[in-house]
Amino acid sequence: WAGPWPAVPASDFTAPAARLIKRQALIFSGALLLSLALAWFVATHIARPLDTLTNYARSLPEQDLTTPSPPPARIVELADRHRDEVGRLATSFLFMQRKLGENVARLLGETATRERFENELNIARDIQMGLLPIPLSHAISARVDLRATMLPAKEVGGDLYDYFTLSDGSLCFAIGD
């Protein structure tokens with residue numbers, strides 16, 4: 001029949017196509033949500049160790065490196081468990097912490113040695129300056145104009161001098177090196 005009215009309603013033709021489109025949309029949406037969830041899981045699995053290493057690196061300057069302390073177990077675990085870049089990075093951080101501790105200990109030892117040495121030099125300087133003569137009596141200094149200065153090259157010098165009056169009243173000078 002070739003009339004203006006179709007023999008079968010249009011909804012009978014389009015209903016299966018509409019159901020197919022809805023089903024494909026649900027499948028696509030489910031697959032997209034599943035993919036996003038999987039991507040989020042993988043991203044957090046990758047980022048969590050890096051976040052742990054970042055927090056550890058930020059805590060290093062706040063650590064007391066003067067006393068040896070064991071590294072955090074979570075960092076040692078990362079170094080042992082991961083055989084990829086994360087594990088190598090954790091191993092590098094552990095190496096860095098150990099070397100920083102060794103350097104701080106070495107610097108503390110050198111500083112203590114230097115302070116001891118400087119203290120000994122100051123004591124030797126005080127002893128050497130104590131060996132210098134006392135000023136002449138007023139009776140002698142009225143007849144003699146005498147000035148002397150001793151400046152050590154560093155903290156202690158090897159030179160010395162003295163002057164004193166002899167029993168006959170004459171002035172004696174002694175200079176030593």
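The table below lists the values:
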item	result
The chain: relative contact order in percent, alpha carbon pairs under 8 Å with at least 6 residues between	12
Of every Cα-Cα pair in the chain, the percent that sits beyond 26 Å	71
Lys, Arg +1 and Asp, Glu -1 on Cβ, resulting dipole of the chain about Cα centre, debye, nearest 20	1560
Highest-fluctuation residue, 49, 71, 16 considered, GNM on the chain with Cα pairs under 10 Å	16
Per-residue HN-Hα couplings for region 165-177 [Karplus 6.51, -1.76, 1.60; θ = phi - 60°; Hz; x = Gly/Pro]	9, 8, 5, 8, x, 7, 9, 10, 10, 10, 10, x, 10
Gyration tensor (Cα) of region 1-74, equivalent ellipsoid semi-axes in angstrom	67, 9, 5
GNM flexibility winner over the chain from 51, 84, 12 (Cα, springs under 10 Å)	12
FRET efficiency, residue 127 to residue 166 (Cβ-Cβ, R0 22 Å, nearest 0.05)	0.25
For residue 165, residues with placed amide H under 5 Å, excluding near neighbours	172
Inter-site label distance for residue 113 and residue 64 at 7 Å from Cα along Cβ, in nm	2.6
Charge dipole of region 7-120 about the Cα centre (unit charges at C-beta), most positive-ward option of 11, 72, 35	11
Accessible carbon and sulfur surface of the chain relative to its total accessible area, %, 1.4 Å	64
Mean Kyte hydropathy of -1.0 or more with a Cα span along the axis of at least 20 Å, helices from DSSP in the chain	10-59, 85-130
The chain, helix-only ellipticity at 222 nm - DSSP H runs n ≥ 4, -39,500 (n - 2.57), divided by all residues, nearest 500	-22500 deg cm²/dmol
Unit charges at the beta carbon, dipole of the chain: most positive-side option, 46, 100, 117	46
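The values are calculated or read from the model by the stated rules, or taken from the named source; none is laboratory data. This one's a predicted model, so the numbers in the text were calculated from it and none came from an experiment. Backbone-built Cβ (ideal geometry, glycine too); neighbour counts: all protein chains shown. Surface areas here come from the heavy atoms of the whole protein model, side chains and all, with no ligands, DNA or RNA. Shrake-Rupley method; radii C 1.70, N 1.55, O 1.52, S 1.80 Å.
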